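Novice: Got a structure for you, written out below as structure tokens; questions coming shortly.
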Amino acid sequence: MNDLLYRGQTYKAPTPKPKTCLELTYRQEHYNTCRQVGSRPIDQIHLTYRGACYIKHRG
């Protein structure tokens, strides 16, 4: 770790903490803050609005 200098005082930069995963709930839906990145791009997105399902094509 490098020593940093600020107004003549040296200090060590703080080390970043590892990211912690949280499970959040919003309106009875559960969300995780740590997402796994997909290995391939998504061609279609499935959407639901007021009970009706829609498919949006990317491109």
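Novice: Name the single residue that is modelled with the lowest pLDDT among those in segment 10-27 being part of a strand (DSSP E or B) and either among the charged types (D, E, K, R) or surrounded by 10 or more Cβ atoms within 10 Å (Cβ to Cβ) (or both).
Specialist: The qualifying residue modelled with the lowest pLDDT is Glu23.
Novice: Further question on the same structure: Does segment 28-45 include one or more residues that are modelled with pLDDT of 85 or more, in a loop (DSSP other than H, G, I, E, B) and at positive phi?
Specialist: No - not one qualifying residue is present in segment 28-45.
Novice: For Arg7, all conditions in the list (1) at pLDDT 85 or above; (2) in contact with a Lys or Arg (Cβ under 9 Å, 6 or more places away or on another chain); (3) open to solvent by 100 Å² or more (accessible area, probe 1.4 Å) hold save one; what is the number of the exception?
Specialist: Exception for Arg7: condition (2).
The values are calculated or read from the model by the stated rules, or taken from the named source; none is laboratory data. Remember, it's a predicted structure, so these values are computed and weren't measured experimentally. In this analysis, Cβ positions are derived from the backbone assuming ideal geometry, glycine residues included, and neighbour counts consider all displayed protein chains. What goes into the accessible areas is simple: the full protein's heavy atoms, side chains included, and nothing from ligands, DNA or RNA. Shrake-Rupley method; radii C 1.70, N 1.55, O 1.52, S 1.80 Å.
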